[in-house]
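So the structure is just underneath, and the comments pick up after that.
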Amino acid sequence: MSSTQPNNVAQRPVRVLVVGAGARGEIYSRYALAHPDLMQVVAVAEPRDAYREPFVAQHAIAPGNVFTDWRQAADAGKLADAVLICTQDQMHLEPALAFARQGYAMLLEKPLSPDADECRAIVAEVVRQKLIFSVGHVLRYTRYTQKLKQLLRDGAIGDIVSLQHLEPVGYWHQAHSFVRGNWRNDRQAAFMLLQKSCHDIDWIRYVMEQPCEQVSSFGNLRHFRRENQPAGAADNCLDCAVEASCPYSAKRIYLGDDHKATPGFLRVLTPEPDQTTLRAALRDGPYGRCVYRCDNNVVDHQVVNMQFAGGRTASFTMTAFTRHEDRHTRIFGSRGCLEGDGRHIRITSFLDDGETHYDTDAGQDLHAMAGHGGGDYYLMQHFIAAIRANDPSQVLAGPAEALESHLMVFAAERARREAAVIALNGA
């Protein structure tokens, strides 16, 4: 795919408009702070004062390029070389189409859209406009994934026969994002497999290097339901007499010296988290609610089985009921097997039962962009490099690949709801 390069962008920083200055928009934009010679954030559209104002100050954005709505930014004409669209899932279609038509290179946070037809429309438009286009499938970009791919290409385990992949969402992360938080209800955001695990389905497709032909899936919302609320529990954890014995207590997750939530999660509750502001957020907002009294409807566990061209198979498990930790993968080949955990890779050879170990953690100090195993940093590195070199091949998750793996996810969810095996040509 050819693309249109912004004028002289190879000789200056890539100018970027950020649409949505929440968690993902703020994190991706840190690349400009780390590499001001390569990227500059020059405009922002964010409706929330508490998130927009610190972002503007952080990047010294001129007042004339500060907007409270993406439509205002679009109406202002082309303000930058590239746009990062990091709005909520159901708010991707309109800005993606609008900014594509204005000729922006685009990084669109995953998922493309909660609707398969909207995914197709976005991809069709960016291809029509011949844009540099990237999707936030950060797992492709990690040092771990690239080392794993190299080992597979080098024949370390022979031909891939099958794969097992586990996404351990984590008990408190499930409570935060998918019971109390923004992604708890598929009428307001995407369904669980798309919003949380399109990363993983995309990663499996990237590793398998063959089209997926059929999928089946099972899963449901088993635990975070009203009938499972303990006797004597209150609707808000701050008022609850039994919260001390509840692993999902908001006080346990967000407050105190031994709280579970990391700084990025705390910032979702309040832009300047401390014990006072966090307590106020738990009292007045959704994150203090009892996990058994929320309006959530997304699944808390799901399995997906996939058959790929050439007879390769894969199984994927997503579950809330684990520690919050890295993914675990086992790949079974004709000459050996590979086990990985997001950092370490172990190869077992069938020739002599010998084991070879690799630690992929050594490398560049990524400071504030080490999230997703460095994937956040390397995603931005590749995106900016692609724009500067006018080379779409530097993007590892471009439009065709992203659409294919998204359609796999839609097919898997259809399989779960219909208790059926779905052929991908019917997704």
Cα centroid separation, the stretch 241-270 to the stretch 27-48 (Å): 30
Nonlocal amide H pairs with G285, under 5 Å, H built at 1.01 Å: none
Partners for K78 among lysines (Cα-Cα distance below 19 Å; same-chain residues under 8 apart left out): K130
Candidate lysines - alpha carbon under 17 Å from K260, same-chain residues fewer than 8 apart omitted: K251
Three-way shape label, the stretch 205-277, alpha-carbon gyration tensor, a/c 1.5: oblate
Rounded if a/c under 1.5, otherwise prolate or oblate - the stretch 97-211, Cα gyration tensor axes: oblate
Highest-fluctuation residue, A121, A244, A21 considered, GNM on the chain with Cα pairs under 10 Å: A244
Relative contact order computed over the chain (Cα-Cα under 8 Å; 6+ residues apart), in percent: 23
Net charge of Cβ neighbours under 11 Å - reference H137; Lys, Arg +1; Asp, Glu -1: -1
Calculated [θ] (222 nm, deg cm²/dmol) that DSSP helices of n ≥ 4 give over the chain, each run adding -39,500 (n - 2.57): -9500 deg cm²/dmol
Distant-in-sequence amide H partners of D186 (H built 1.01 Å from N, under 5 Å): N297, V298
Whole-Å semi-axes of the stretch 135-281's equivalent ellipsoid (Cα gyration tensor): 37, 19, 14
Shape category assigned to the stretch 95-139 from the gyration tensor of Cα positions, a/c cut at 1.5: oblate
Sequence-distant residues sharing a close amide H with K110 (under 5 Å, placed H): G136
Net charge of Cβ neighbours under 13 Å - reference Q394; Lys, Arg +1; Asp, Glu -1: +1
Solvent-accessible area, 1.4 Å probe, carbon plus sulfur percent, for the stretch 297-427: 48
Semi-axis lengths (Å, descending) of the ellipsoid that matches the C-alpha gyration tensor of the chain: 31, 31, 21
Spatial separation of Cα centroids for the stretch 178-207 and the stretch 51-113, in angstrom: 22
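The values are calculated or read from the model by the stated rules, or taken from the named source; none is laboratory data. Predicted model only: the values in this text are computed from it and were never measured. Reconstructed Cβ throughout: ideal geometry from the backbone, glycine too, with neighbour counts over all protein chains shown. Quick note on the areas: whole protein, heavy atoms, side chains included, nothing else; ligands and nucleic acids left out. Shrake-Rupley method; radii C 1.70, N 1.55, O 1.52, S 1.80 Å.
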